[in-house]
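Input: a single structure, listed below in structure tokens.
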Amino acid sequence: MTEMLRTHRDVPEFVRGGDRLMSIGGQWVPAASGQTLPNVDPATEEPLASVPRGGAADVDAAVRAARRAFADPEWADMTPDRRGRILNQIADVIEAHAEELATIDSVNMGAPRLVTDTMLAEASEAFRYFAGWPTKIFGTHVPTTGDRLGYTRKEPLGVVGVIWGWNGPMGQLPSKLAPALAAGNTVVLKPAETGSLSTLRLAELLETTDLPAGVVNVVTGLGAEAGEALVAHPDVAKIAFTGSTATGKHVQELASRTLKQVTLELGGKSPAVVFADADLRQAARGVAAGFHGNAGQACVATTRIFVQDSVREEFLALLTETMAAPPFVPGDPLTPGTVVGPLSTKTQFDRVSSYLDLAVAEGARVVTGGTRHGDRGYFVAPTLLDDTTSDMRVVREEIFGPVATISTFTDVDDAVAQANDTDYGLAASVWTTSLSTAHQVAARLEAGTVWINTWGEMSTGNLPFGGYKQSGIGREGGLEVLDAYTQTKTVLVAL
Ligand code: NAD
């Protein structure tokens, strides 16, 4: 496999080397401290371009620029249809540069092109969906008494701080940036420190649209520095966050000091429930995709598999057979058809490796995988763990690698009880040919999204997405998301 890896020369110029700058108020600047953060190609372990290590001073400059842009009539009084046209221009520019942006993400954080291509296609669709909204966000006339006129206005919040993860930089950003702009907010973006390059390139591309300077600002840097400064800043009205549950709790705590609104898209430990009447071959493929895609670094990854006891052996055989064949064998993220790339960073590789050791120490049986894959790059062999119990840490904690556990259930009640036995509630999949089993189980699962006989299909536009329990607060997509980026003002007039 390692012979197939590309050489460093094949990666796009933008990521290959040098020091990138960040965009504040329409200017390209280094961090005030002059410090930078390195990036490493996780497939080759070669160094890539560095990004500024922004801190509190840079965040403050970006928030001030965003506030100025928010008050500037050029943006504040822009007609809704013009704002919609700008969102369509952003969709156009993303579409035109989709290949470049997808490649940057694939090189920067190791996601296969299959994954980044899908994210970029969804990104432009998200901007197109939200381009239709500025003309349709309005308040209502509220009946009061005959000599009074009561009505409401839907107004933007102000400056929105957007913080998100490295596992899908161009996947997680549009579902926040597009509604924020559609509603008339201005934004400060803080991408993950190990996945910032595509956002910096996108910010360059936004300069070719009619978006006024300062409406979108980017500060790169560490979570504990730039991230905290953004969450704590008194002039930021809202934080839209995607990341781990632990960080999300911290963000909510910090944001509460200035009573900011927060939406949180957090971690998961999503179950797949496979009934005996399912098309088992289809289920094996769907379940495998659920923990192999993006090397398991997906918030909705299928990490706990529950199979009905009567078909356990048959399903296990089909699943291991599926895992051993293409496209589930790890490969270079830039090679067409690769589904499993490397883990994104050395830290992530070490973390997942330590969970593999822990699984054995806790008494789990490694059915397949359990080790590093190859000898170069941060590849982990996709791993299936059997003989697990619900109290094991590998069953309870989000590993964020290509690792799943498998156990059995007897009937619907048992399946639902086991699937819901988790602090998380982001997603689930149900595999059955019975219509009534499918809908009954979907209703009883504590998860923000339930897929039936499929996994991972998303719509960044009109389908709501978000977590139950400790997987998050709020929804992205759909009608609900606009409430998360607007506030309602009541006006009462004495006639
Ligand atoms: P993370 O929480 O470590 O980091 C996410 C972002 O938060 C990064 O930009 C980071 O710099 C920033 N950050 C870190 N500490 C901070 C702090 N103290 N204050 C402010 N910002 C801070 O998460 P990650 O490792 O980058 O991403 C993986 C996690 O994200 C997983 O748990 C995954 O399930 C979750 N995720 C959730 C969704 C979803 O939509 N629910 C989608 C993708 C990923």
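The values are calculated or read from the model by the stated rules, or taken from the named source; none is laboratory data. Note that the structure is a prediction, hence the values are computed from the model and not measured. FYI the Cβ positions are ideal-geometry reconstructions off the backbone, even for glycines, and counts take in every protein chain you see. In case anyone asks, the SASA skips ligands and DNA or RNA and just uses the protein heavy atoms, side chains included. Shrake-Rupley method; radii C 1.70, N 1.55, O 1.52, S 1.80 Å.
Selection of the range 226-246 for residues being within 9 Å of the ligand (Cβ to nearest atom) and over 14 Å from Val162 (Cα atoms) yields Ser244, Thr245, Ala246. Evaluation of Asp117 against the conditions (1) within 30 Å of Lys489 (Cβ to Cβ); (2) open to solvent by 10 Å² or more (accessible area, probe 1.4 Å) shows that the sole unmet condition is (1). If you go through the range 36-76 and pick out every residue that is in a loop (DSSP other than H, G, I, E, B) and under 16 Å from Gly17 (Cβ atoms), you end up with 4.
The residue of the range 261-282 that is nearest to the ligand (Cβ to nearest atom), among those that are open to solvent by 20 Å² or more (accessible area, probe 1.4 Å) and over 20 Å from the mean Cα position of the chain (by Cα), is Gln282.
Among the residues of this structure, Tyr424 does not count as one that is free of Cβ contacts under 8 Å to residues at least 60 places away in the same chain, within 15 Å of the ligand (Cβ to nearest atom) and either in a loop (DSSP other than H, G, I, E, B) or open to solvent by less than 30 Å² (accessible area, probe 1.4 Å) (or both). For the range 200-221, does any single residue satisfy the condition of being touching a helix residue (DSSP H, G or I) at 6+ places or on another chain (Cβ under 9 Å), near the ligand (Cβ under 8 Å from one of its atoms) and in the same structural domain as Ala484 (by TED's automatic domain parsing)? Within the range 200-221, one or more residues are touching a helix residue (DSSP H, G or I) at 6+ places or on another chain (Cβ under 9 Å), near the ligand (Cβ under 8 Å from one of its atoms) and in the same structural domain as Ala484 (by TED's automatic domain parsing).
The set of residues from the range 83-114 being of a type outside the set (D, E, K, R), assigned to a helix (DSSP H, G or I) and either open to solvent by 30 Å² or more (accessible area, probe 1.4 Å) or free of Cβ contacts under 8 Å to residues at least 24 places away in the same chain (or both) comprises Asn88, Gln89, Ala96, Leu114. In summary, helices (runs of 4 or more DSSP H) completely within the range 225-343 and bearing 1 or more residues that are under 30 Å from Arg444 (Cα atoms) occur at 245-256, 280-292, 312-323. Scanning the range 299-341 for residues that are within 16 Å of the ligand (Cβ to nearest atom) and modelled with pLDDT under 95 yields a count of 1. Based on what the data block shows, is Ala419 within 16 Å of the chain's Cα centre (by Cα), crowded, with 16+ Cβ neighbours inside 10 Å and of a type in the set (A, V, I, L, M, F, W, C)? Considered against the rule, which asks whether it is within 16 Å of the chain's Cα centre (by Cα), crowded, with 16+ Cβ neighbours inside 10 Å and of a type in the set (A, V, I, L, M, F, W, C), Ala419 comes out as no. For Glu476, all conditions in the list (1) among the charged types (D, E, K, R); (2) out of contact with any strand residue (DSSP E or B) (no Cβ under 6 Å at 6 or more places or on another chain); (3) within 16 Å of the ligand (Cβ to nearest atom) hold save one; what is the number of the exception? Here Glu476 meets the rest and fails (2). The set of residues from the range 389-405 being part of a loop (DSSP other than H, G, I, E, B) and aliphatic (A, V, I, L, M) comprises Met392, Ile399. A residue that is touching a helix residue (DSSP H, G or I) at 6+ places or on another chain (Cβ under 7 Å), open to solvent by less than 50 Å² (accessible area, probe 1.4 Å), assigned to a helix (DSSP H, G or I) and within 16 Å of the ligand (Cβ to nearest atom) occurs nowhere in the range 187-195.
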